[in-house]
Structure formats: C-alpha cells, structure tokens
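Structure record follows, encoded as structure tokens.
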Amino acid sequence: MKKQSNKDLRILLLGLDNAGKTTILKKLASEDINHITPTQGFNIKTVQSSGFRLNVWDIGGQRKIRPYWRNYFENTDVLIYVIDSADRKRFDETGEQLGDLLDEDKLAGIPVLVFANKQDLLSAASASEIAENLNLHKIRDRKWQIQACSATTGEGISVCNKINPVNRILLMSIDWRFTSCCVYGGKNVGQLIIRESMICISEYSYLGLDLIS
Amino acid sequence: MGCFGSKYGNERALAHEEPKVYSWDRRERVDPKDYTLQNLSGETVGRLPGEVKGQQFIIDNCKDCNIYIFDHSATITVDDCTNCRIFLGPIQGSVFIRDCTDCQIALACQQFRTRDCKKLDIFLHCVTQPIIEATTAIRFGCFQYYYKELKDQFAAAKLSVFSNNWSNIHDFTPVAGENNWMLIPENPAVDDYLPRPSSDKFMTMDISTTIKDSVVPITTGCRRKLSSNSCLVAFFADAIASDAPLKYVKQLQQETNCTVVQTKQLSMKPEDSMRVFYTERYNDEVLKGDIIGVEVNGDNVLELSRQLLERCCMGNLYYLSDSASAGNQDIDAFFNFNDVGMGGL
C-alpha cells in the first residue's frame, strides 16, 4: 500500500456499489467491460507512461464493506468518487458517504474528482444537478471537480490522445481536467503536475511545466 | 453537460477550451415515464419486444402485480416491490433489486445484485458471480424461458447464453449457522412461480418454459452431482458457428440421464489453450473465435458424449476429456483459467 517511489501517484476510486467504479477502471485500461463481476474486495490497475505510474485502487462499495474503505486512505493523492447518475433513489445515500469521506482526517485537503457516471442512461441527472444535490459548492477545504461521464461509452473518462498542433492547450483533455486538481492541490505541487500530465499524454508534460512556471 | 468545479485554480488552462459535446447532449430525448413502472397495484403490465430497445428501465413500488419486460435493456432497478411476479429480458449491465419482498422473478443479466430483500425466488442467468447483501430467504434456479425474440435479445445485450453463474452466489452478509440463500427444488414448473401473462397486450407472445425449449441451456450448477464421472467438452469456432454446442446439450439432456453442470463461453490465447488442453492442437482454433466449454456428468457420460458429438459437430473440431479421471482436472483448468486476480479486504 505504500508508495514505491516519487514516480508513483496513488488514486483512490470510491463510491456506492453499482456506481461503475470497476467499469471505469477497466475502460481506462482498454479492457473488456462485458464480464465485470461485482467487486468483493478491491482491484488495482497501474497505468504507466514515461516512467511514471498511476496506481488506481478500486474498492468494493457495498454497505457492509464501506467501513473498510479507511484501510486504503493512506498516501492518497487524488480521490475519485463515482456516482450512478441514474440511481436517483440513492442520491441521499451517496451524498452522505461522500460527506463522511470528506470529513476523514487522512483525506484532508486531498483533491476530489466526482464522476457523474452513467450519463448514457435515460434517467441520468446532469452533473450540475448532482453537484447541487450533493452541495458540492460548499466544499471549501480542497480542490474539487465534477465530470459527467459514461464508463460504457468511454466518454468523459478517456485519456486524451489528441493535441491541437497550433495551441496544444486547446484540445487538452477536458476529461482529465482533474489534472488541475493535482496541479494546484496541496502537496508536491510541481511534481504532481509533471506526473499527471505525463499520464495524460507524454507531450503534455511540457505544457505541465509551462502551467506552473 | 461538461464538467465544472472549484473556482480557484485552473482558469489559465481552461480559458481557451471549447465546450465539449457528448453523445448524451445530442441524443434524442425520451420520456422516462415510458421506461418506468411505478406505484401500481394488482395489475398485469409490461413491455413487448421492441418497446425498450436497450434503454434503462425502472420498476418501483409495485404491489400484487405481474410485470413482463419482454425486451433487452441497459440496466434495471427494482425497488420496493411486494408480492409481484416479474420477467426481465436480457440486461446488458446490472440488475439491482432492493427492498423487495415475496417476489418471483426470472431474469438474465451481466450483474445481479440485491440488498434488503426477503423471500425471493429467482430464475437466473448471470454472466458474472451474483451477489446478495442483507437478503434472506432468497432461492435461485436456472433461467428457463423461451419466446421467439429472446435469442436475439441476448445477442443485443452482449450476453452469451452459455456464460451462466446462476448458482455461484456471493453473500456479503452471511449469518453464522443460517443460510440466507438456497436452491429452488430441481425441475421446477416455472409457470407455477411465474404465470404466463394473461392480459391482451401479451396475446401475441409465444412463450415456452420447458427445459427443451429454453434459450439458456439448463445447468445443475452447485446442485449435488448424480455420478462421480464428469468430463469437459469444448467447442471451437467452426462448431459454434454450426450451433453444435446447443444441439449437443439438448440431445444429452433429452436422450440420456446425464446432466449439464455448467457452461461458459470465453476467448483464449494459444498459450491459454496449451495450459488448458496440454496440446498445441487447438492453437489455431482459438485464434478463430470464442470457445464454449461444457461440464457434463453421468455414469456413462464419456461414451455417450462421444457418440453425440460425432453427430452434432459434423466433422468440426471439438475437445472431449480422455477419461473420466482426467475430467475433473480439465474442468478445473477450463472454468478457472481466467479468474482475475482479486484482492481481499
């Protein structure tokens, strides 16, 4: 669970059961998403790019096993919280869980990216509706973002691979805007942006240096 | 709707960005009411083939109803239902059943989940391991159903009728000394649990609930095996294209006393094939397409299978365990070879 080197970035993927955490993880790794078993423990994937490693920890979300989430808080660089935007019956429950996480000492100040997942479904609430529902605007003690996405289509989570040759910033992946969370986030500011941007796409690392200079 | 967030931070980076348009911004708007059955009591309702077409569906707060969704869907939630009979056609993603009591349900899905339920009978086809949480007195049987459009709906939902884990249940909240889940008694009359729809809307549906007609091959799963002899049969691309696996399974069930324990469709690399079959013979076959494996059980299963396979495969390549003693090793190698490494809490 400890970070192995300063080239490792630890990302924690949490959310209620059936939110789509594992599907996001598998989609990021370009793996098959038609045979995903509900997670009983945890899954880990490492995305490697230019010598940097993004370690994503995906922890099962059933009510019974949520108390174990805290075992994974240590050394987290970014929290990704996944919401099933089409499960309106459980907006209160997911809001309470997120609130509890944000109160955790070990996650204090850690940037949080909220994925408003399952936007492809017909009853999905928009990201702004969810942000309002969950009172995200009241978060003052950390950087946060909410991103609409669909893990099944890959939209909103895909790693950017297009760069505008004229102004490379223009087409910088909006999907991975949580890069900015890391950039301006509390600790290791300079290092984080380099790591994160390299994970996005290697050329972007130069942009990263640009942005913080 | 794109993304937005905390104010401080990244204005510089974002100032030049064009707003991104996603598929859900462009899609045709549908009325969620057409895909919801809510607050009903004592009715027979549902959807015919072509009325859901792979969309999400919601069933909520129904009492004493018979509900039939004869189409494929993206995902379904069933909340707060009491004393209902429910049929759900192939579900590409998950089905989530919550706060339900006294229901009989037949369904096919990629993921099966329950929470806070009691007294459910489920005729299940589930590609992955079904899970239950805070659920008691739930019983499982193999999905057993036919209507004309069902086979194509499985394909549309990207579910293989051969990848079924209906009896391999994971309970998140086991209670010491008690069984939260059990099996429905063998050879059930499905109609007794889930009657065929009686209302005019469904008059045109041509339904069968026999083992012989079932779109999903009936398997015994974790039920007690009748014989100590088991073997593995595996079909490769050409045999699958000619529908040999289903013919073999149906003939074995109708003409012999042997049982089909489990079936699975998967893809293999040549190195996997070497590991499972201990030969290079199938390396080219596995590159052509998926493999379907069948575990069969019965006193004379090897000899009976050999005869049936000659008839069903019509010259196409298949694999059959060499001997009954090699069977269990083969079965273990095939059905567990690609279990993904998973961490425990």
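Values in this text are rule-based calculations from the coordinates and carry no lab data. Note that the structure is predicted; figures quoted are calculated from it, not measured. We place every Cβ from the backbone using ideal geometry, glycine too, and count neighbours over all the protein chains shown.
Stokes-Einstein D for chain B at 37 °C, 0.692 mPa s, Kirkwood Rh over Cα pairs, in µm²/s?
Rounded to a whole number, D works out at 149 µm²/s.
Of the peptides B:252-261, B:296-305, how do they stack up when ordered by the mean number of other Cβ atoms within 10 Å, highest first?
B:296-305, B:252-261
Using a 10 Å cut-off around each Cβ of peptide A:122-129, what is the average number of partner chain Cβ atoms that fall inside?
Averaged over the peptide's residues, the number is 5.
As an exercise, use a Förster radius of 22 Å and the Cβ-Cβ distance of B:Q307 and B:N187 to find the FRET efficiency, rounded to the nearest 0.05.
0.30
Tell me, in nm to one decimal, what length is gained between B:R196 and B:T36 on full extension, where the rule is 0.36 nm per residue of separation less the Cα-Cα distance?
Computed gain between B:R196 and B:T36 is 55.5 nm.
What nm distance separates the two modelled labels at A:D92 and A:N71, each placed 7 Å from Cα along Cα→Cβ?
It works out to 3.1 nm between the two label points.
Just give me a number: lysine pairs in segment A:8-158, eight or more positions apart or cross-chain, with C-alpha atoms less than 23 Å apart.
18
Quickly estimate the mean residue ellipticity at 222 nm for chain B, helices only: each DSSP H run with n ≥ 4 gives -39500 (n - 2.57), and the total goes over all residues, rounded to 500.
Working: 10 runs with 76 residues, N = 345.
It comes out at -6000 deg cm²/dmol, rounded to the nearest 500.
Rounded if a/c is under 1.5, else prolate if a/b beats b/c, else oblate: with a ≥ b ≥ c from the C-alpha gyration tensor eigenvalues square-rooted, which is segment A:8-158?
Verdict is rounded for segment A:8-158.
Counting DSSP beta bridges in segment A:8-158, what percent are antiparallel, to the nearest 5?
25 percent
Going 7 Å from the Cα of A:D141 toward and past its Cβ, which residues in segment A:82-112 have a backbone nitrogen under 15 Å from where you end up?
Label zone hits: A:98-112.
Using a 10 Å cut-off on Cβ to Cβ distances, tally the other chain neighbours for every residue of A:28-41 and report the average as a whole number.
Neighbouring Cβ atoms belonging to other protein chains average 5 per residue here.
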